[in-house]
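Below: the structure, in structure tokens.
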């Protein structure tokens, strides 16, 4: 059943955000749409929204228990999440543990190389500009985040990476890289926002050594590998299998 909601606030490539009759609360609907290459490639996959919503809910709960402040409040239905209202900082924060994707296209860093320490990249969140990579100087010039809040974001991103790497390791999964978005709530606190799912993470199956078969994320769509919903479902199945056990994320 669709939860009761108010007017549409925002619609992105994979989610819709609605007003609610609760103070500083929004409802987020996870769509079945898959997009790539700044939405030049687009397709719908039945069940994708439900899977991503459930995975995100599980991961937000794991991070909250470990002390990471998030916008997540509860999962309301198959594809719906209740969250705190935040003003999104227009930055995509990408944490890279293993070199792949655009990093290997833009630099001579070898595909599959472990990055020690992990690399943190900032992208300006603007579809019309193609979400460009930002240098430190450009980030400062744009003025979209203060130096103090930037340090908070970097500290949280590092903490989240440590927690997610440990959590996924328990599932025989490797989190290769992932995108984070942060928002500021009514009290000025920075909260992890958006989602954490195979749409926003690269996830490799440690139980499979084949370079293509091990991919359990949106690269299956980007690279026309097929089996996107099955791959996402495998990630969810492993998370559900661990949910009844104590989480060891230290």
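We did not get these values from a lab; they are worked out from the coordinates using the rules stated. Since this is a predicted model, take the numbers as computed values, not measurements. Every residue, glycine as well, gets a Cβ built from its backbone with ideal geometry; the counts of neighbours run over all protein chains shown.
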Determine the calculated [θ] at 222 nm for the chain from helices alone, applying -39500 (n - 2.57) to every DSSP H run no shorter than 4 residues and normalising by the residue count; nearest 500 deg cm²/dmol.
-9000 deg cm²/dmol
Starting from 0.36 nm per residue, how many nanometres of slack lie between residue 11 and residue 138 once their C-alpha separation is accounted for?
43.0 nm
Using the number of other C-beta atoms within 10 angstrom as an exposure proxy, rank 85, 71 with the fewest first.
85, 71
At 37 °C in a medium of viscosity 0.692 mPa s, the chain has a Stokes-Einstein diffusion coefficient, with Rh taken as the Kirkwood radius over alpha carbon pairs, in µm² per second, of 176
How much length is gained on full extension from residue 129 to residue 213, taking 0.36 nm per residue of separation minus their Cα-Cα distance?
26.9 nm
Roughly how many Å is it from the Cα centre of the stretch 194-231 to that of the stretch 29-101, as a whole number?
15
Just check the stretch 57-99 against the gyration tensor rule for me: Cα atoms, a ≥ b ≥ c as the square roots of the eigenvalues, rounded for a/c under 1.5, and otherwise prolate or oblate depending on whether a/b exceeds b/c.
prolate
How large is Rg/Rh for the stretch 56-161, to two decimals, with Cα atoms and a Kirkwood Rh?
1.00
With the cut-off at 1.5 for a/c, could you classify the stretch 98-206 from its C-alpha gyration tensor as rounded, prolate or oblate?
oblate
What full-extension length gain, to one decimal in nm, is calculated for residue 105 and residue 40 as 0.36 nm per residue of separation minus the Cα-Cα distance?
21.5 nm
